[in-house]
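Only one structure is covered here, and it is reproduced in the block below.
The values are calculated or read from the model by the stated rules, or taken from the named source; none is laboratory data. Bear in mind that the values here come from a model prediction, so they are computed numbers and not experimental data. Cβ atoms come from the backbone with ideal geometry, glycine included; neighbour counts cover every protein chain shown. The protein model used for the area step is the full one, side chains on, heavy atoms only, and it has no ligands, DNA or RNA in it. Shrake-Rupley method; radii C 1.70, N 1.55, O 1.52, S 1.80 Å.
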Amino acid sequence: MAGFSLGFSLLLAAAFAGPTTAQWPWPQDIQISDERYFIFPNSFHFHYHVGSAAQPGCSVLDEAFQRYRHLLFGTGPWPSPDDTNTLTVNDDQCFLLSETVWGALRGLETFSQLIWRSPEGTFFVNKTDIVDFPRFPHRGLLLDTSRHYLPLTTILDTLDVMAYNKFNVFHWHVVDDSSFPYESLTFPDLTRKGSYNPVTHIYTEQDVKEVIGYARLRGIRVLVEFDTPGHTLSWGPGVPELLTPCYSGSHPSGTFGPVNPILNTTYEFMRTFFLEISSVFPDFYLHLGGDEVDFTCWKSNPDIRAFMKKKGFGDDFKQLESFYIQKLLDIVSAYGKGYVVWQEVFDNKVKVRPDTIIQVWREETPVGYLKELEQITQAGFRALLSAPWYLNRISYGPDWKEVYMVEPLAFEGSSEQKSLVIGGEACMWGEYVDSTNLVPRLWPRAGAVAERLWSNRIVTDLEFAFKRLTHFRCELLRRGVRAQPLSIGYCEQEFEET
């Protein structure tokens, strides 16, 4: 897309009183003057700049204009992947310039945070110049919808708040051992027999389309994960013989373990299933998991042991796991898809394509995850960091500070290596999280990750961050998001039901 510009038409009048505004995440370059201007909602409107490539009819921007008008002024009687943008507010213009619609979306969010309201109800904006772009291209948030089913509205609401924080990837960990809520058109028994409730606790084809479309309008990609060969107990009831029968002595115990890697039918199923997934989810990448495979069941099964002997694997079950993963990756590659995998796939030396993305999650301490990043990038692979950003883990006090102070590139390595760290993800696993506590546990804590992935490396002052994040939390309350407090105090903004 060629470059385009957007203008905001406002009635402006000089003013010199009122608070300064805070930005979250902090822009790359920002100059805010004490000079301020009145904004009159009845006369406010967005418009496309003459000569720009974008014109009315661009659904992403047309809908964003309506969305941000509502966020700014509510429902009063007023008229109806590069993220780089430049925003200027001065005596002559209020002007947003971006090379892409996605940058324009980030600029609109920045603009919305510049506007503030006096106690008397008057809207203002400071004279401002901003040049902004993200530090990392992949700024993700993972939701687990298997351990606890999250209603569609909860997912959509989360996408809204992701956009406020300038996240751009929704990592949808849609199925796991506990339940299989994704409704497969090719294999309907997966949800009929593997979901908590095949009527109320599933995501239909229309639900998935709605999530993808809703995310796109907010500049967010949907990266779906179907994790195998482990974490698959919910797959078993709907696909006979997919899982490995476990043995107790010389007899089957009646329980099952990971996907059975020795049967041709396993790979026939995977070919058909991932053909569907490849067509349903348009993103180039699929997340194929590959983590936490429990070998106990495989070890107990005589057919598995005989297969390993025939293949020359001995007692090394990591080789068996690698055998399965390699075949799965070849299947997905044949559909023209790239893949993201958890770090065990790399650690176990599975042969993967050069464009594979490795997600680091296991080592919780900086020594561990930074060493892992060093090894992955030294091997020439791109990497994502999640290990220090598991937000399902909570502690008493301001734990957002530890999240905020993570530096993803603080490992030994060349500049070429460090350029292979393309970002990271905050993860909200669902063992103890459902729609009743997701929002306050996630926000504003996830905002700490958002700023680390967006802002300049030198933006690390905790006092400065606390002041701005506290302000942003109040803004989230005003927007109807039940974000938890960071410390003692109060917000002048009342929580508004939406």
Those strands (runs of 3 or more DSSP E) lying entirely in the range 81-149 with at least 2 residues touching a Pro at 6+ places or on another chain (Cβ under 9 Å) and of a type outside the set (A, V, I, L, M, F, W, C): none
Checklist (1) at pLDDT below 95; (2) crowded, with 22+ Cβ neighbours inside 10 Å applied to PRO444, failing item: (1)
Per-region count, the range 208-224, residues open to solvent by less than 40 Å² (accessible area, probe 1.4 Å), in contact with an Asp or Glu (Cβ under 8 Å, 6 or more places away or on another chain) and not hydrophobic (A, V, I, L, M, F, W, C): 2
Pair list, Cβ under 7 Å, 6 or more apart: the range 341-360 residue more than 12 Å from LEU373 (Cα to Cα), other residue among the acidic types (Asp, Glu) and surrounded by 21 or more Cβ atoms within 10 Å (Cβ to Cβ): ASN348/GLU321
Residues that are over 24 Å from GLU463 (Cα atoms) and under 20 Å from the mean Cα position of the chain (by Cα), drawn from the range 364-409: GLU364, TYR369, LEU373, ARG382, ALA383, LEU384, LEU385, SER386, ALA387, ASN392
Residue within the range 3-11 that is at pLDDT below 65, open to solvent by 30 Å² or more (accessible area, probe 1.4 Å) and touching a Phe, Trp or Tyr at 6+ places or on another chain (Cβ under 6 Å) present: yes
Residue count, the range 172-193 (criterion: open to solvent by less than 10 Å² (accessible area, probe 1.4 Å) and either part of a helix (DSSP H, G or I) or not aromatic (Phe, Trp, Tyr) (or both)): 9
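Matching residues to (1) under 19 Å from VAL161 (Cβ atoms); (2) more than 31 Å from the chain's Cα centre (by Cα); (3) open to solvent by 50 Å² or more (accessible area, probe 1.4 Å); (4) among the basic types (Lys, Arg):
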residue	(1), (2), (3), (4)
TRP26	yes, no, yes, no
ASP34	no, yes, yes, no
PRO56	no, no, yes, no
GLY74	yes, no, no, no
ASP92	no, yes, yes, no
VAL101	no, no, no, no
ARG106	yes, no, no, yes
Candidate set: the range 128-171, residues that are of a type in the set (D, E, K, R) and open to solvent by less than 10 Å² (accessible area, probe 1.4 Å); chosen: the one farthest from TRP102 (Cα to Cα): ASP144
Selection within the range 449-464 - closer than 15 Å to GLN28 by Cβ and assigned to a helix (DSSP H, G or I): ALA450, GLU451, ARG452, LEU453, TRP454
Condition check for ASP283: closer than 24 Å to ARG216 by Cβ, open to solvent by 10 Å² or more (accessible area, probe 1.4 Å) and not hydroxyl-bearing (Ser, Thr, Tyr): yes
Every residue from the range 421-480 that is of a type in the set (Asp, Glu) and closer than 27 Å to PRO181 by Cβ: GLU425, GLU431, ASP434
Filtered residues of the range 414-424 (kept if open to solvent by less than 20 Å² (accessible area, probe 1.4 Å) and over 25 Å from ALA22 (Cβ atoms)): VAL421
Unique residue being at pLDDT below 95 and open to solvent by 50 Å² or more (accessible area, probe 1.4 Å) when the list is ARG482, ARG457, ARG478: ARG478
Subset tally (residues that are of a type in the set (Ser, Thr, Tyr) and touching a Gly at 6+ places or on another chain (Cβ under 7 Å)) for the range 357-399: 2
The range 396-413, subset among the charged types (D, E, K, R) and not in a helix (DSSP H, G or I), residue most open to solvent (accessible area, probe 1.4 Å): GLU412
